[in-house]
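See below for the structure under consideration.
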Amino acid sequence: MYEGRAQVMILEAKNIELTIKDRKLLDIDQLYIHNMDRIGVVGRNGSGKTTLLSILSGEIEADKGEVMTTVSRYYLPQLQKMCFASNKFRRLQ
């Protein structure tokens, strides 16, 4: 797949479940991420994309399941729209 490069698993998630207010938001049997993978997370608003990334980064914990990794992981939240006015930043509505 990646010529001349070994596939190394950097993250493994198993049996991830998360329920919010009687709604099962996440139910993932297994997820593997290897070095050199390119990943896109697509879904409707409220479908759990940000929550999944927060679980994978270790920011929050799922109700069930485990995330194992061999690397440091960080979550960089979405950027807010900002404008510059009077030497101060403020959030745009």
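The values are calculated or read from the model by the stated rules, or taken from the named source; none is laboratory data. Owing to the predicted nature of the structure, the values given are computational and were not obtained by experimental measurement. All Cβ positions, even for glycine, are placed from backbone atoms using ideal geometry, and neighbour counts span all protein chains on display. SASA here: full protein model, heavy atoms, side chains in, ligands and nucleic acids out. Shrake-Rupley method; radii C 1.70, N 1.55, O 1.52, S 1.80 Å.
Under 12 Å Cα to Cα from Lys64, which aspartates and glutamates show up? Leave out anything in the same chain fewer than 8 places away.
Cross-link targets: Glu17, Asp27, Asp29.
How far is it, in nm, from the label point at Met9 to the one at Ile39 when both lie 7 Å from their Cα along the line to the Cβ?
A separation of 1.4 nm, rounded to one decimal place.
Excluding Tyr32 itself, calculate the net charge of residues whose Cβ lies under 10 Å from the Cβ of Tyr32, where each Lys or Arg counts +1 and each Asp or Glu counts -1.
Here the charged neighbours net out to -1.
For the range 1-81, run through the GluC sites (Glu not before Pro) and keep only the ones in DSSP coil with at most 14 other Cβ atoms within 10 Å of their Cβ.
Values: sites: Glu3, Glu12, Glu17, Glu59, Glu61, Glu66; in loops: Glu3, Glu59, Glu61.
Those that pass, being in a loop and sparsely packed, are Glu3, Glu59, Glu61.
Given the whole protein assembly as supplied and a 1.4 Å probe, what does the accessible area of Arg23 come to in Å², nearest 10?
Arg23 exposes around 130 Å² with every protein chain in place.
What ³J(HN,Hα) values, in whole Hz, does the Karplus curve 6.51 cos²θ - 1.76 cosθ + 1.60 give for the range 46-51 when θ = phi - 60°, with x put for Gly and Pro?
Here the 3J(HN,Hα) series is x, 8, x, 4, 5, 5 Hz.
Given labels modelled 7 Å from the Cα in the Cβ direction, how far is it in nm from Gln30 to Glu59?
Going from the Gln30 label point to the Glu59 one covers 2.8 nm.
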